[in-house]
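Colleague: Take this structure, written in structure tokens, and hold onto it; I'll ask about it next.
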Amino acid sequence: MIRLLHVFKQFRPGMYALEDVNLRLEKGEFAFLTGPSGAGKTTLLRLLLREEKPTRGQVLIQGKSIVNLPAGKIPYLRRNIGVVFQDFKLLPRKTVFENIAFVLEIVGIVGLAQRTRTREVIRDLGLYDQRNAYPEELSGGEKQRTAIARAIVNRPAILLADEPTGNLDPDLSRDILQLFKSIHLFGTTVLVATHDLELIRSFPRRVIRLDGGRLVADTDTLDRRSVPLSI
Ligand SMILES: Nc1ncnc2c1ncn2[C@@H]1O[C@H](COP(=O)(O)OP(=O)(O)O)[C@@H](O)[C@H]1O
Ligand SMILES: [Mg+2]
């Protein structure tokens, strides 16, 4: 589903944001990506979205290399990937309902199907009372849930989250993790970048640890699936 082969990413000479990273995530797997600030977590997620290209190495999604994907094909790649960013990136002039429905419009789901699916996800995420509110009127937790609703409304094959519980109180963090678990139960491959060890402890799953751009630990390393393959 997701595969990195000898991936290097260099933003400036002499400094690697990612250095020889090999990783394999199976369809339907749930993994945490952890490590201190500056370890390369966000960079790795951005490579999967083709917001950045590796300096060297291969990135494969669903068996296909995305490194040299033509610009015109990038939107198709991103349709398969739901993303929750740390700063939410909600559209300020759109309501909660519109922020979510907009994602479906982009992929050509309009009319009744668009409204029905948007209502469903609004209900699932407990946002019914906020459906007509604008982002600036929402609390941190409500913004977070709107961002998650938007990431999953399209039922993506992959869900990436970058520090999704940053700045939230522990109760809300647990709720968000609960949502990720239920998304995962429907077969979505989930990768959550976080340095919140409490969060990881509360849901023991595969943990991939980066430090200084290197993959330094993977609780899955005893499993043959994570053995780096050479190309
Ligand atoms: N666009 C960029 N330009 C230059 N350096 C960058 C850029 N993005 C990330 N970096 C550097 O790459 C390293 C890894 O950053 P990042 O992936 O954001 O780490 P993390 O998300 O684990 O905190 C850091 O040293 C950071 O300064
Ligand atoms: Mg980061």
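Colleague: Could you give every pair whose Cβ atoms fall below 6 Å, whose first residue belongs to region 141-164 and is over 14 Å from ARG131 (Cα atoms) and within 16 Å of ligand 1 (Cβ to nearest atom), and whose second residue is hydroxyl-bearing (Ser, Thr, Tyr) and part of a loop (DSSP other than H, G, I, E, B), counting only separations of at least 6 or pairs across chains?
Modeller: GLU163/THR194
Colleague: Just for region 35-51: of the residues that are more than 6 Å from ligand 1 (Cβ to nearest atom) and part of a helix (DSSP H, G or I), which one is surrounded by the most Cβ atoms within 10 Å (Cβ to Cβ)?
Modeller: Taking the candidates together, the pick is LEU44.
Colleague: Of everything in region 138-167, what is within 16 Å of ligand 2 (Cβ to nearest atom) and out of contact with any Leu (no Cβ under 7 Å at 6 or more places or on another chain)? Give them in sequence order.
Modeller: Correct list: ALA161, GLU163, PRO164, GLY166, ASN167.
Colleague: Okay, moving on. Quick check on my filter: what residues within region 75-88 are charged (D, E, K, R) and within 16 Å of ligand 1 (Cβ to nearest atom)?
Modeller: ASP87
Colleague: For region 142-186, how many residues are under 29 Å from GLN62 (Cα atoms) and part of a loop (DSSP other than H, G, I, E, B)?
Modeller: 9
Colleague: Could I ask something else about it? If I ask for residues that are assigned to a loop (DSSP other than H, G, I, E, B), surrounded by fewer than 20 Cβ atoms within 10 Å (Cβ to Cβ) and modelled with pLDDT under 95, which ones from region 118-137 would you list?
Modeller: Listed by number, the list holds a single entry, GLY126.
Colleague: Could you check how many residues of region 16-30 are over 21 Å from VAL190 (Cβ atoms) and within 11 Å of ligand 1 (Cβ to nearest atom)?
Modeller: 3
Colleague: Related question: Can you name the residue in region 195-231 that is out of contact with any strand residue (DSSP E or B) (no Cβ under 6 Å at 6 or more places or on another chain) and at pLDDT 90 or above and is also nearest to GLN144 (Cα to Cα) among such residues?
Modeller: Here the answer is LEU210.
Colleague: Still on this structure, please answer the following. If we keep just the residues of region 4-29 that are farther than 11 Å from GLY40 by Cα, of a type in the set (D, E, K, R) and in contact (Cβ under 8 Å) with a residue 60 or more places away in the chain, which is surrounded by the most Cβ atoms within 10 Å (Cβ to Cβ)?
Modeller: ARG24
Colleague: Can you tell me which residues in region 9-25 are over 13 Å from LEU210 (Cα atoms) and at pLDDT 95 or above?
Modeller: Hits for region 9-25 are LYS9, GLN10, PHE11, ARG24, LEU25.
Colleague: Would you mind stating whether ARG93 is touching a residue at least 40 places away in the same chain (Cβ under 8 Å), away from ligand 2 (no atom under 16 Å from the Cβ) and either over 21 Å from THR189 (Cα atoms) or not in a loop (DSSP other than H, G, I, E, B) (or both)?
Modeller: The answer is yes for ARG93.
The values are calculated or read from the model by the stated rules, or taken from the named source; none is laboratory data. Every value quoted in this text rests on a predicted model; they were computed, and no experiment measured them. Backbone-built Cβ (ideal geometry, glycine too); neighbour counts: all protein chains shown.
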